Amino acid sequence: IVEQTSSPEKRSTQIDVSDNQDDKHFDFETNLALFDKQAIYAEIESAIGNGENHL
Amino acid sequence: EINLMNELTLKGITQYYAFVQEKQKVHCLNTLFSKLQINQSIIFCNSTQRVELLAKKITELGYSCYYIHSKMRQEHRNRVFHDFRNGLCRNLVCSDLFTRGIDIQAVNVVINFDFPKLSETYLHRIGRSGRFGHYGIAISLITYDDRYAVHQIERELGTEIQPIPRQIDPSLYVAKQTADDDNQYPR
């Protein structure tokens, strides 16, 4: 799982770009593999069950 | 200009997500532009400043692009929206202006460059009025920080946002058209 690198404050005021932004071959599959939705949802639902609110 | 019906539906809209880091978003968007058969697209950002910055990036990448956001004067907004609606430009970057949903049939692709925090906002961005039986795709660029919002929006709207497949079936979002139609918008 890739952690976010920019803070919410930074994110709201600028757009960071990677060096290869001009390349038209973004690797969707490799990135998707970094996001285990099922596991993340299980974690969130467990947190909700414990009374935590992340939003 | 906007949909005056209160009923918005996700029916007919195929929803995908791409997982990205913040700094990969422009790269990802550039790839989507090259892969998709966009008739017209609307790209949403979460702030007015990011709308302008993204519009600049998109223009630098060589794609035609208008932008509108809430800090622009109403007359200016109306003119941009009118011109976009009349097909003078293929892509529109905007903030959350369409409070009752988008009602432009020519828009077949909606991209959440920034994922919204609220299910209501998501529905207003992606949803359509049922009367046209509209088909289209909505692609959300999500970061790890968006995981709670994705979970909540799926749960509240009773919908599923699927991982973007290697190939997107054009029949999900591309209307049958003539060669002349295909050339009516700038790149």
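Below are the figures for this structure:
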{"item": "Any chance B:Gly87 is farther than 17 Å from B:Cys45 by Cβ, touching a residue at least 12 places away in the same chain (Cβ under 8 Å), touching a strand residue (DSSP E or B) at 6+ places or on another chain (Cβ under 8 Å) and not aromatic (Phe, Trp, Tyr)", "result": "yes"}
{"item": "Top-ranked residue in region B:22-46 [being touching a Leu at 6+ places or on another chain (Cβ under 9 Å) and part of a loop (DSSP other than H, G, I, E, B); ranked as nearest to B:Arg85 (Cα to Cα)]", "result": "B:Ile38"}
{"item": "Matching residues, region B:53-69, being at the interface with chain A (Cβ under 10 Å from one of its Cβ atoms), surrounded by fewer than 22 Cβ atoms within 10 Å (Cβ to Cβ) and either touching a Gly at 6+ places or on another chain (Cβ under 8 Å) or in contact (Cβ under 8 Å) with a residue 40 or more places away in the chain (or both)", "result": "B:Gly62"}
{"item": "Residues satisfying the stated conditions in region A:21-38, i.e. at pLDDT below 85 and either more than 7 Å from every other protein chain (Cβ to nearest Cβ) or farther than 18 Å from B:Thr143 by Cα (or both)", "result": "A:Asp22, A:Asp23"}
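Okay, residues lined up against (1) within 9 Å of another protein chain (Cβ to nearest Cβ); (2) in a helix (DSSP H, G or I):
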position: B:His134; (1), (2): no, no
position: B:Tyr148; (1), (2): yes, yes
position: B:Ile153; (1), (2): no, yes
position: B:Ser171; (1), (2): no, yes
position: B:Val174; (1), (2): no, no
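The values are calculated or read from the model by the stated rules, or taken from the named source; none is laboratory data. If you're wondering where the values come from, they're calculated on a predicted model, not measured in any experiment. Positions of Cβ are backbone-derived with ideal geometry, glycine not excepted, and every protein chain shown enters the neighbour counts.
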